[in-house]
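A.B. asks: The following block contains the structure, expressed as C-alpha cells.
The values are calculated or read from the model by the stated rules, or taken from the named source; none is laboratory data. Here the structure is a predicted model, which is why all the values come from computation and not from measurement. Here the Cβ is made from the backbone with ideal geometry for all residues, glycine too, and neighbour counts use every protein chain on show.
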Amino acid sequence: MSMQPHHKLALLGAAGTSAMALSDAVIHGLTGHYSVFADTSGNAPVQALGDLVHGLTYLALSLVLVREAARFAAVNRVARGCRWVVLLSLATLAAGFVLVAPVLAFTGIAAGTPHAIWSGIAGVAFIGMILGSLVLGLALLPTRALGVGARVLALMLPVAGLTALIAWLASGWAHPAYLETTLHFGLATLGLGTAAVLTSADARSPMSLTADPVLRP
C-alpha cells in the first residue's frame, strides 16, 4: 500500500485528534466529566494546544483532498461535489482553529460577538464536513478509485446509528468521538490501496491507457 507524504501527515493528525476525542469519551463515560481538552475545562494552554492540533489536522486532511484531485476526476458528480463541500469546510475549520480558537481560549472570551461569530461559522463548517463526508463515502461505494478511505467514510452511517444506540442504552458513553474518528481516518486514507495516478508524460504513451484501472477508458 503506497503511502504518500500527505497521507502520513493526515494520519498523524487523525491519530492525535482521535486520541483526544476518544479519551474524552472514556473519561465522560467513567466520571460524567469531560477531559482537560474540553472547552469547559478552563485550562487555556491545553485548550489552545487541542485547537492547534485540530486545526493542523484539518489542514492536512484538506491537503489529501487537493492531492487526490486526479482520482476524483474519475468518479461520479455527487462525489466530486461533496469533495468541494468537505474541502471548503475543512479549510474554514483549519483557519479558525489555528488563528481564532486559541485566541479566544487565552482571552477567556466565552460569549459576545467574537465568540458568537466563530461559533456560527464553525457550526456551519462542521455540518458541511460531516454531511459532506458521509455522502462522499456513500457516493464512492460503487467505485474503488479512492481506495481504503472511501470504505472507511461509508462506515460513518453505521457508526452514527451505533452512537444513537449507545445514547439510548448508556447516555454517559454517547460521544461524537466515534464519528469524528471514523471521519478523520476516512479522509486521511483517501487514495490509499490504489494504483498510482498517471502523470501527463505517461498519458502520452499508448501503454499507459491500461496501466491504471482508475483511468482505464
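A.B. asks: Considering each of 10, 19, 74 in turn, give the residue that is assigned to a helix (DSSP H, G or I), aliphatic (A, V, I, L, M) and within 24 Å of residue 131 (Cβ to Cβ).
C.D. replies: 10
A.B. asks: Limited to the stretch 15-51, what total is found for residues that are among the charged types (D, E, K, R) and either crowded, with 19+ Cβ neighbours inside 10 Å or modelled with pLDDT of 90 or more (or both)?
C.D. replies: Summing the residues that are among the charged types (D, E, K, R) and either crowded, with 19+ Cβ neighbours inside 10 Å or modelled with pLDDT of 90 or more (or both) in the stretch 15-51 gives 2.
A.B. asks: In the list 149, 137, 186, 191, which residue meets the criterion of being surrounded by 24 or more Cβ atoms within 10 Å (Cβ to Cβ), in contact with a Gly (Cβ under 7 Å, 6 or more places away or on another chain) and in a loop (DSSP other than H, G, I, E, B)?
C.D. replies: 191
A.B. asks: On to the next question. Name every residue in the stretch 22-49 that is over 15 Å from residue 181 (Cα atoms), assigned to a helix (DSSP H, G or I) and among the small types (Gly, Ala, Ser), in order of residue number.
C.D. replies: 29, 44, 48, listed by residue number.
A.B. asks: So, one more: Could you tell me whether any residue of the stretch 142-158 is out of contact with any Leu (no Cβ under 9 Å at 6 or more places or on another chain), polar (S, T, N, Q) and at pLDDT 75 or above?
C.D. replies: Yes, because at least one residue in the stretch 142-158 is out of contact with any Leu (no Cβ under 9 Å at 6 or more places or on another chain), polar (S, T, N, Q) and at pLDDT 75 or above.
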